[in-house]
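For reference, the structure discussed in these notes is given below.
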């Protein structure tokens with residue numbers, strides 16, 4: 001027995017150190033030049049061995065002071081010699097202009113000590129400037145009225161819209177009365193079950209198709225959030241209410257030398273479509289879910305950001321941009337279409353973009369995009385002038401008790417927003433006051449007695465009406 005105890009004592013240090021490994025921080029993946037806004041703190045780590053890396057802590061802070069943000073990564077399974085690109089859960093609020101030092105360091109590989117601490121820390125100087133071109137993320141969600149899982153995807157989107165900057169959300173309906181031949185074609189080639197979404201049509205290494213299922217939307221958005229703009233896309237449009245014709249001029253200025261089959265495209269998007277068919281909801285019987293007892297189908301469901309027409313077809317206008325482009329080269333095209341009869345131009349907006357086409361579907365990425373409201377032609381009389389658009393986003397959504405509402409208004413006006421339950425009863429006044437033009441964050445706190453379920457935010461700013469979903473989950 002004594003010999004056995006001595007043997008175990010000599011073996012214990014080896015057992016305790018069995019999972020120790022050397023993890024190295026190879027790079028901080030933040031561009032050196034950035035436009036103001038939220039940024040993802042990303043980096044690349046390598047497992048130098050000798051053991052598999054299952055987890056670690058990633059920390060960062062900015063300018064050597066203030067709060068330290070920690071992100072725990074687990075279930076990694078990184079073999080010796082392999083690398084992994086991480087995205088920190090906490091976004092950096094890069095709103096202050098100028099140069100900043102971002103410091104990132106690693107701790108606790110496999111819950112223990114690192115065998116080499118000399119390669120765990122890096123810092124990078126990055127600049128934030130107003131004149132840095134914006135890279136938009138075009139998120140194209142595949143959805144359908146008959147898809148009972150899709151309402152939960154809409155809840156995820158509502159939260160992402162309030163959190164992720166420069167995010168353009170378009171919904172491509174599939175095989176229902178809101179779909180078209182083009183959107184059905186895109187779903188057949190690029191889809192991955194419903195609900196799923198393309199993020200600038202990027203093919204991610206760990207995904208077997210271009211579209212990403214909704215459980216991965218946030219993590220994949222963080223991967224593309226910091227990508228620099230390779231081109232500046234801009235558009236001008238003119239709508240003639242007499243003829244109903246809409247003319248869209250789209251231009252692209254490239255910011256680097258690139259080679260490929262680059263093409264123009266443009267979406268005509270309806271801001272909201274309330275379908276008589278409602279929306280299928282498989283969560284109606286799932287007690288405790290935010291969509292529990294909301295109906296199946298959900299009546300008068302507001303389908304938002306519905307793509308009615310893809311003006312350049314699924315893969316864009318070809319032959320207008322050179323195969324090799326250089327910095328500063330400028331190209332443009334014009335699209336022509338009509339708005340649905342009896343509709344108002346304020347019910348729609350446009351998303352223009354440049355995409356790179358490839359015979360292989362995994363190479364058909366979007367270079368950059370640009371959203372724009374529809375403008376009336378200069379010949380239009382004053383009483384026909386279009387009403388500007390009011391944007392409202394809720395975070396978090398679903399909400400339990402406290403959160404905030406982001407409101408973007410075009411001009412100084414009185415803003416009135418109220419919360420209504422599913423039967424139309426007013427339950428809360430969110431804001432009723434004068435606000436200046438621009439973006440405002442309004443804190444909200446729900447009453448304790450407010451029940452779980454779907455609610456509607458409705459209101460106006462001057463002549464502008466707005467409605468948005470809010471889901472309470474307790």
Segment 236-269, residues that are touching a helix residue (DSSP H, G or I) at 6+ places or on another chain (Cβ under 6 Å) and either under 20 Å from residue 153 (Cβ atoms) or assigned to a strand (DSSP E or B) (or both): 239
Those residues of segment 303-316 which are closer than 26 Å to residue 455 by Cα and either in contact with a helix residue (DSSP H, G or I) (Cβ under 8 Å, 6 or more places away or on another chain) or surrounded by fewer than 17 Cβ atoms within 10 Å (Cβ to Cβ) (or both), in sequence order: 304, 307
Residue in segment 48-56 that is crowded, with 18+ Cβ neighbours inside 10 Å and either under 22 Å from the mean Cα position of the chain (by Cα) or closer than 30 Å to residue 133 by Cβ (or both) present: no
Residues of segment 443-462 classified as part of a strand (DSSP E or B), at pLDDT 80 or above and over 18 Å from residue 411 (Cβ atoms), total: 7
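Quick one: is residue 352 in contact (Cβ under 8 Å) with a residue 40 or more places away in the chain and within 20 Å of residue 149 (Cβ to Cβ)?
For residue 352, the condition - in contact (Cβ under 8 Å) with a residue 40 or more places away in the chain and within 20 Å of residue 149 (Cβ to Cβ) - is not met.
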Sole residue being surrounded by fewer than 17 Cβ atoms within 10 Å (Cβ to Cβ) and over 30 Å from residue 472 (Cβ atoms), chosen from 236, 287, 272, 223: 236
Selection from segment 102-123 of residues that are within 27 Å of residue 31 (Cβ to Cβ) and touching a residue at least 24 places away in the same chain (Cβ under 8 Å): 102, 103, 104, 105, 106, 107, 119, 120, 121, 122, 123
Sole residue being farther than 18 Å from residue 397 by Cβ, more than 13 Å from the chain's Cα centre (by Cα) and modelled with pLDDT of 95 or more, chosen from 188, 211: 211
Residue in segment 317-332 that is crowded, with 20+ Cβ neighbours inside 10 Å and either without any contact (Cβ under 8 Å) to a residue 12 or more places away in the chain or in a loop (DSSP other than H, G, I, E, B) (or both) present: yes
Whichever residue in segment 163-208 is free of Cβ contacts under 8 Å to residues at least 60 places away in the same chain and in a helix (DSSP H, G or I) and, among such residues, is surrounded by the most Cβ atoms within 10 Å (Cβ to Cβ): 187
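The values are calculated or read from the model by the stated rules, or taken from the named source; none is laboratory data. Remember, it's a predicted structure, so these values are computed and weren't measured experimentally. Reconstructed Cβ throughout: ideal geometry from the backbone, glycine too, with neighbour counts over all protein chains shown.
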